[in-house]
1. When you scan the stretch 29-38, do you find a residue that is polar (S, T, N, Q) and exposed (fewer than 10 other Cβ atoms within 10 Å of the Cβ), even just one?
2. Specify the residue that is nearest to Ser6 (Cα to Cα); the eligible residues are those in the stretch 24-58 that are small (Gly, Ala, Ser) and in a strand (DSSP E or B).
3. Specify the residue that is nearest to Glu51 (Cα to Cα); the eligible residues are those in the stretch 17-37 that are polar (S, T, N, Q) and more than 10 Å from the chain's Cα centre (by Cα).
4. Can you name every residue in the stretch 45-64 that is under 18 Å from Thr32 (Cβ atoms) and not charged (D, E, K, R)?
5. Being part of a strand (DSSP E or B) and of a type outside the set (Lys, Arg): is that true of Val21 here?
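Values quoted throughout were computed directly from the atomic coordinates according to the rules given, and no laboratory measurement underlies them. Bear in mind that the values here come from a model prediction, so they are computed numbers and not experimental data. Backbone-built Cβ (ideal geometry, glycine too); neighbour counts: all protein chains shown.
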Amino acid sequence: MPATTSAEIGVRELRATLSEVLNDTAVRGRITYVTSHGRRVAAIVPVPDAEAVETKRQAPPAES
């Protein structure tokens, strides 16, 4: 399920709302960018999205 929306949240706010953020990720496929001092430092993404990135990283390079 592709994410229909994304959001940004500061570390301090994330601490207070982590369960809600995780629920939005799991149920709605929402991607949430975590910021520190206004700069994106991490992302909370649905598991299928993260697994797809891992699989792509582990694939051998395509030969020309």
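1. Of the stretch 29-38, the ones polar (S, T, N, Q) are 32, 35-36.
Now restrict to residues that are exposed (fewer than 10 other Cβ atoms within 10 Å of the Cβ): none.
Within the stretch 29-38 (the criterion being polar (S, T, N, Q) and exposed (fewer than 10 other Cβ atoms within 10 Å of the Cβ)), the answer is no, since none of the residues qualifies.
2. Keep residues of the stretch 24-58 that are small (Gly, Ala, Ser), which gives 26, 29, 36, 38, 42-43, 50, 52.
Subsequent filtering for residues that are in a strand (DSSP E or B) retains 36, 42-43.
Details: Ser36: 17, Ala42: 13, Ala43: 10 Å.
Only one residue tops the list, namely Ala43.
3. Ranking the qualifying residues of the stretch 17-37, first place goes to Asn23.
4. Applying the first criterion (under 18 Å from Thr32 (Cβ atoms)) to the stretch 45-64 yields 45-53.
Answer for the stretch 45-64, where residues must be under 18 Å from Thr32 (Cβ atoms) and not charged (D, E, K, R): Val45, Pro46, Val47, Pro48, Ala50, Ala52, Val53.
5. Working: part of a strand (DSSP E or B): no; of a type outside the set (Lys, Arg): yes.
No: the conditions fail for Val21.
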